[in-house]
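Asker: Below are the structure tokens for one structure; questions will follow.
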Amino acid sequence: MRRPPGPQPRWIGGSLRDFRANPLAFLTRCAAEYGDFVYFRAAHQHMYFANSPELVNEVLVNKNALFMKSRILQRAKALLGEGLLTNEGASHLRQRRLVQPAFHRDRLVRYASDMSELAVNARARFASDTVVDIDREMMRLTLAIVCKTLFSTEVEADTARVGEAMTALIEMMPVLMIPGSQYIQHLPLPMFRRFKRAGETLDRTVYKIIEARRASKEDKGDLLSMLLMSVDEDGGMTDKQVRDEALTLFIAGHETTATALTWAWLLLAQHPAVEAKMHAEIDRVLGDRAPAFDDVPALRYTTNVLAETMRLYPPAWAIGRMATAPLELAGYEIPKGSILLLSPYTMHRDPRWWPSPEAFQPERWETEDAARPKFAYYPFGGGPRLCIGERFAWMEGVIVLAALSRAWRFRRADAAPVQTSPMLTLRLKGGLKVRAEKRY
């Protein structure tokens, strides 16, 4: 079978060792040396790396029905059940229709108020000239936001317990992604016992809230209320479906946004002129008040800072799809069971679409580039599986940046080298120590 060009395997495992050692470097090298469509083998798995906007469009839009989520995300069903992230086919489309009202404009206004309040509370925790791990602080803040917007005030007493359980589950996700993990996760090892306990804690808490909310029939304006109220011609969601969607939204709305914000603080600290321009906009738009929903469109440069951050460091650094049937792509026959790998990270740094691709330049977003194809930038995926919470995430990122920057600027507290850690999301390895400096 004729295959696209690609690296010659040096090991019995094909290119698996090189890919796992440094996936970003490996994919960047493949794109530079072999072009837009690359074949490599990872152990027994046939891998096809598609790295042009046209090919991404083929996989995510035109031929999306011929793909399903890769085996890695299928293993996440051990935690997420049949939520939007792991669900497939007609069931996924129905669930998406039922969940969509939770992100309508009137609901976003309410979520924005919660985000702003919690961000203002978070900035009060900082003290001038003290060193903090801003990565940990962003994880803490986005956890509080997702608890508030998902479960409203009902879960406040359980937030610490829920947070600990979610942290334990997220930390286990990379283990669940390892081939063969489904065979070892039931062994009586400490890590798997923690995973089991965390899942049981989360289930008890979530099901208790669902039961109470169904009994009260009260709309608290949160995501959970919308999940419970959503109905179609086949009825509403079962408790299990609500639980699966709640946990999916919990994970999707927690680590991804926190990761993007951490990278934003690093880039702002490295580029004081950009930071000063963003501060000037925030001061002009907000004055002395906290940000609100209607401020987000006016915070255009702040939004550009976030957009440029996710260009350079997209939290979802890779997207995998498995072919459910043989298909043709770029003139090649792709066998059933093959993995199509897409990488926003490599696409976002392609000099064909991005002049000075390694430079942090929020100004590049001030004008539309008509020559830039749609999928030259896709931090939230695309097609029928476009992230349903995209507007929520943009709003949260801008509100947090504005609320914290109104009072503080952050300077790096050490000279540790900047290293990426591509796991479930594209984390900053070792966190980020910053010194808080009071602005007002």
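The values are calculated or read from the model by the stated rules, or taken from the named source; none is laboratory data. Since this is a predicted model, take the numbers as computed values, not measurements. Don't worry about glycine lacking a Cβ; one is built from the backbone with ideal geometry, like all the others, and counts go over all protein chains shown.
Asker: Please work out which residue is nearest to residue 324 (Cα to Cα), limiting yourself to the range 4-21 and to residues that are modelled with pLDDT of 95 or more and out of contact with any Ser or Thr (no Cβ under 6 Å at 6 or more places or on another chain).
Answerer: Filtering first and then ranking leaves 4.
Asker: Something else about it: Which condition number does residue 395 fail, the rest of (1) out of contact with any Lys or Arg (no Cβ under 8 Å at 6 or more places or on another chain); (2) under 27 Å from residue 54 (Cβ atoms) being met?
Answerer: (2)
Asker: Does the range 130-146 contain at least one residue that is farther than 28 Å from residue 433 by Cβ, out of contact with any helix residue (DSSP H, G or I) (no Cβ under 6 Å at 6 or more places or on another chain) and either buried (at least 21 other Cβ atoms within 10 Å of the Cβ) or at pLDDT below 95 (or both)?
Answerer: no
Asker: Only one of (1) of a type outside the set (Phe, Trp, Tyr); (2) out of contact with any Gly (no Cβ under 8 Å at 6 or more places or on another chain); (3) in a loop (DSSP other than H, G, I, E, B); (4) farther than 30 Å from residue 88 by Cα is not met by residue 424, so which one is it?
Answerer: Of the numbered conditions (1) of a type outside the set (Phe, Trp, Tyr); (2) out of contact with any Gly (no Cβ under 8 Å at 6 or more places or on another chain); (3) in a loop (DSSP other than H, G, I, E, B); (4) farther than 30 Å from residue 88 by Cα, the odd one out for residue 424 is (4).
Asker: Looking only at the range 165-186, how many residues end up being more than 26 Å from residue 42 (Cβ to Cβ) and either modelled with pLDDT of 75 or more or exposed (fewer than 14 other Cβ atoms within 10 Å of the Cβ) (or both)?
Answerer: Total satisfying the criteria: 1.
Asker: Filter the range 359-400 for residues that are in contact (Cβ under 8 Å) with a residue 40 or more places away in the chain, assigned to a loop (DSSP other than H, G, I, E, B) and farther than 30 Å from residue 65 by Cβ and give the result.
Answerer: Answer for the range 359-400, where residues must be in contact (Cβ under 8 Å) with a residue 40 or more places away in the chain, assigned to a loop (DSSP other than H, G, I, E, B) and farther than 30 Å from residue 65 by Cβ: 360, 361, 366.
Asker: Please find, within the range 200-226, the residue that is surrounded by the most Cβ atoms within 10 Å (Cβ to Cβ) out of those that are hydrophobic (A, V, I, L, M, F, W, C) and over 24 Å from residue 164 (Cα atoms).
Answerer: The selected residue is 226.
Asker: It is to be established whether one or more residues within the range 98-106 are farther than 26 Å from residue 405 by Cβ and more than 23 Å from the chain's Cα centre (by Cα).
Answerer: Yes - at least one qualifying residue is present in the range 98-106.
Asker: Of everything in the range 77-134, what is over 25 Å from residue 244 (Cβ atoms) and of a type in the set (Phe, Trp, Tyr)? Give them in sequence order.
Answerer: The one that is over 25 Å from residue 244 (Cβ atoms) and of a type in the set (Phe, Trp, Tyr): 126.
Asker: Given the structure, is residue 124 aliphatic (A, V, I, L, M), closer than 23 Å to residue 433 by Cβ, over 21 Å from the mean Cα position of the chain (by Cα) and at pLDDT 80 or above?
Answerer: yes
Asker: Hey, any hits in the range 280-289 for a residue that's under 24 Å from the mean Cα position of the chain (by Cα), at negative phi and part of a loop (DSSP other than H, G, I, E, B)?
Answerer: So far as the range 280-289 goes, no, none of its residues is under 24 Å from the mean Cα position of the chain (by Cα), at negative phi and part of a loop (DSSP other than H, G, I, E, B).
Asker: Considering the range 81-103 alone, what residues qualify as being hydrophobic (A, V, I, L, M, F, W, C), surrounded by 14 or more Cβ atoms within 10 Å (Cβ to Cβ) and under 11 Å from residue 232 (Cβ atoms)?
Answerer: Once the filter is applied, which keeps residues that are hydrophobic (A, V, I, L, M, F, W, C), surrounded by 14 or more Cβ atoms within 10 Å (Cβ to Cβ) and under 11 Å from residue 232 (Cβ atoms), the range 81-103 yields only 98.
Asker: Sticking with this structure for a sec: Out of the residues in the range 418-440 that are of a type in the set (Ser, Thr, Tyr) and surrounded by fewer than 17 Cβ atoms within 10 Å (Cβ to Cβ), which is farthest from the chain's Cα centre (by Cα)?
Answerer: Going through the qualifying residues, I end up with 440.
Asker: Could you list all residues from the range 258-299 that are touching a residue at least 24 places away in the same chain (Cβ under 8 Å) and among the charged types (D, E, K, R)?
Answerer: 275, 277, 283, 295
Asker: Tally the residues that are assigned to a loop (DSSP other than H, G, I, E, B) and of a type in the set (A, V, I, L, M), restricting the search to the range 1-27.
Answerer: Final tally of qualifying residues: 2.
Asker: Being at pLDDT 95 or above and not small (Gly, Ala, Ser) is the requirement here; does residue 398 meet it?
Answerer: When the stated conditions are applied, residue 398 passes them.
Asker: Do the conditions hold for residue 407, that is, is it at pLDDT 95 or above and either surrounded by fewer than 20 Cβ atoms within 10 Å (Cβ to Cβ) or more than 30 Å from residue 114 (Cβ to Cβ) (or both)?
Answerer: It is true that residue 407 is at pLDDT 95 or above and either surrounded by fewer than 20 Cβ atoms within 10 Å (Cβ to Cβ) or more than 30 Å from residue 114 (Cβ to Cβ) (or both).
Asker: Within the range 62-73, can one find any residue that is among the polar types (S, T, N, Q), modelled with pLDDT under 95 and either crowded, with 19+ Cβ neighbours inside 10 Å or under 27 Å from residue 166 (Cβ atoms) (or both)?
Answerer: yes
Asker: Please state which one of 363, 358 is touching a Leu at 6+ places or on another chain (Cβ under 9 Å) and either farther than 18 Å from residue 316 by Cβ or among the small types (Gly, Ala, Ser) (or both).
Answerer: 358 is the lone residue from the list that is touching a Leu at 6+ places or on another chain (Cβ under 9 Å) and either farther than 18 Å from residue 316 by Cβ or among the small types (Gly, Ala, Ser) (or both).
Asker: Which helices (runs of 4 or more DSSP H) sit wholly inside the range 183-273 and have at least 2 residues that are more than 25 Å from the chain's Cα centre (by Cα)?
Answerer: 190-216
Asker: In the range 76-99, which residue that is at pLDDT 70 or above, assigned to a loop (DSSP other than H, G, I, E, B) and small (Gly, Ala, Ser) is farthest from residue 248 (Cα to Cα)?
Answerer: It comes out as 81.
Asker: Taking interchain pairs and intrachain pairs at least six residues apart, which have beta carbon atoms under 6 angstrom, with the first residue in the range 187-206 and at pLDDT 75 or above and the second among the basic types (Lys, Arg)?
Answerer: From the range 187-206, the pairs are 206/243.
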